[in-house]
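Below is one structure; the comments refer to it alone.
The values are calculated or read from the model by the stated rules, or taken from the named source; none is laboratory data. All of these numbers come straight from a predicted model, not from anything done at the bench. Cβ coordinates were reconstructed from backbone atoms using ideal geometry, including for glycine residues, and neighbour counts include every protein chain displayed. Accessible surface is based on the protein model in full, side chains and every heavy atom, while ligands, DNA and RNA are left aside. Shrake-Rupley method; radii C 1.70, N 1.55, O 1.52, S 1.80 Å.
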Amino acid sequence: MSDVHGNTEALARAGDGADALICLGDLVLFLDYADHSRGIFPDLFGVENADRIVELRTARRFAEAHALGRRLWAGLDRERMIEDAVRRQYAQMFAAFPTPTYATYGNVDIPSLWPEYADRPGLTVLDGQRVEIGGRVFGFVGGGLPSPMRTPYEVDVEEYAAKVEALGEVDVLCSHIPPEVPELCYDTVARRFERGSEALLAAIRRTRPRYALFGHVHQPLARRMRIGGTECVNVGHFAATGRPWALEW
């Protein structure tokens, strides 16, 4: 599963009947593009401003969206207010994770806060690391790449590629963002290409994992496709569907 974006109720049920739950990030709900009344932004600035900023972003008028944001935040302690709101969301969502859970960060997550909530038995956080689950090796790469959205956990191309390289050969490659393939990166509702990773695509072609699992693109043009012998699967916009994707062997 990926892109929980505040859906704590469904998260509490997501591991029912499974041996383990894998979460590929984006726990935070800053702004719900389907319901502009939900999230940190409308809680602070109201639905009308949320409507406007979604309109600007959808039209790719990012400079105007950033200018609106600067006006709204002027004179406020932005960092403290966002951190307080994120902490409230994290307290609920980390408490809902079943045991065992393996998780990595999404691009809207704040990794520096995770240790306060993830330091408990049965919850393992990985980023540029690998772990064996049920006899298969899973590799995890968290975060996203630089984008016009300027989300909290974006790393530069070289740092991201180093995390991918550190995994070596794995059976299941888990990341928040997809490999750089147009059909996997295009969001049909937002009507734009999200940022994918060329390093992930190169690793898939070079090491040929059985699966490459990811999220990030909420309404992708293609939810799954094969690259050579690798099955690439967008494991879903969990905030909207509330349904995990099951990997069985």
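Leaving ligands, DNA and RNA out of it, report the carbon-plus-sulfur percent of the accessible area of the chain at a 1.4 Å probe.
Values: 5750 of 11810 Å².
Ligands and nucleic acids excluded, carbon and sulfur give 49 percent.
Return the tail of the calculated pair distribution for the chain, meaning the percent of Cα-Cα pairs more than 23 Å apart. For the chain, the fraction of Cα-Cα distances above 23 Å is 48 percent.
Under the convention that each Lys and Arg Cβ holds +1 and each Asp and Glu Cβ holds -1, the size of the dipole of segment 66-131 around its Cα centre is about 200 debye. The DSSP beta bridges internal to segment 111-249 are antiparallel in roughly 50% of cases. Checking the a/c ratio against 1.5 first, then a/b against b/c, what shape does the Cα gyration tensor give for segment 74-166? Taking the square roots of the gyration eigenvalues as a ≥ b ≥ c, segment 74-166 is oblate.
Annotation: extensible slack from A67 through E158 equals 29.8 nm (criterion: 0.36 nm per residue apart, minus Cα-Cα distance).
The packing ranking, built from the mean of other Cβ atoms within 10 Å per residue, places the peptides 85-94, 17-26, 136-145 in the order 136-145, 17-26, 85-94, highest first.
Summarising the strand pairing of segment 99-169, around 55 percent of its internal DSSP beta bridges are antiparallel.
Might you report the magnitude of the Cβ-based charge dipole of segment 29-97 about its Cα centre, with Lys and Arg at +1 and Asp and Glu at -1, to the nearest 20 debye?
I would put it at about 200 debye.
For the peptides 118-127, 210-219, the ranking by packing is 210-219, 118-127, with the highest mean count of neighbouring Cβ atoms within 10 Å listed first.
Karplus-derived 3J(HN,Hα) values for segment 238-249, using 6.51 cos²θ - 1.76 cosθ + 1.60 with θ = phi - 60°, are 4, 4, 8, 8, x, 10, x, 9, 9, 10, 10, 7 Hz; glycine and proline are entered as x.
Taking a ≥ b ≥ c as the square roots of the eigenvalues of the alpha-carbon gyration tensor, segment 1-126 is classed prolate because a/c is 1.5 or more and a/b outweighs b/c. Counted residue by residue at 0.36 nm each, then reduced by the alpha carbon distance between them, the extension gain from S112 to E198 reaches 28.3 nm.
Using the rule -39500 (n - 2.57) for each DSSP H run of four or more residues, divided by the residues of the chain, the 222 nm mean residue ellipticity is -10500 deg cm²/dmol. Would you mind calculating the relative contact order of segment 170-249 from Cα pairs under 8 angstrom and at least 6 residues apart, reporting the percent as a whole number? Reported as a whole number, the value is 30 percent. When segment 110-249 is described by a simple charge dipole with +1 on each Lys and Arg Cβ and -1 on each Asp and Glu Cβ, the residue from P111, A212, V170 located farthest towards its positive end is A212. In the full protein context, segment 152-249 carries 49 Å² of accessible surface per residue, based on a 1.4 Å probe and ignoring ligands, DNA and RNA. Label-to-label distance for R136 and A34 is 2.7 nm, based on points extended 7 Å past Cα in the beta-carbon direction.
The residues of segment 2-129 expose, per residue, 48 Å² of accessible area to a 1.4 Å probe. Please say if segment 93-136 is rounded, prolate or oblate, where rounded means a/c under 1.5 for a ≥ b ≥ c the square roots of the C-alpha gyration tensor eigenvalues, and otherwise the choice is prolate for a/b larger than b/c and oblate otherwise? Oblate shape, in that a/c is at least 1.5 and b/c is the bigger or equal ratio.
Take each peptide in 193-203, 42-52, count the other Cβ atoms within 10 Å of every residue, and average; sorted highest first, the result is 193-203, 42-52. If you line up the long axis of helix 62-73 against the longest principal axis of the chain, both from Cα atoms, how many degrees apart are they, to the nearest 10? Once rounded, the angle reads 60 degrees.
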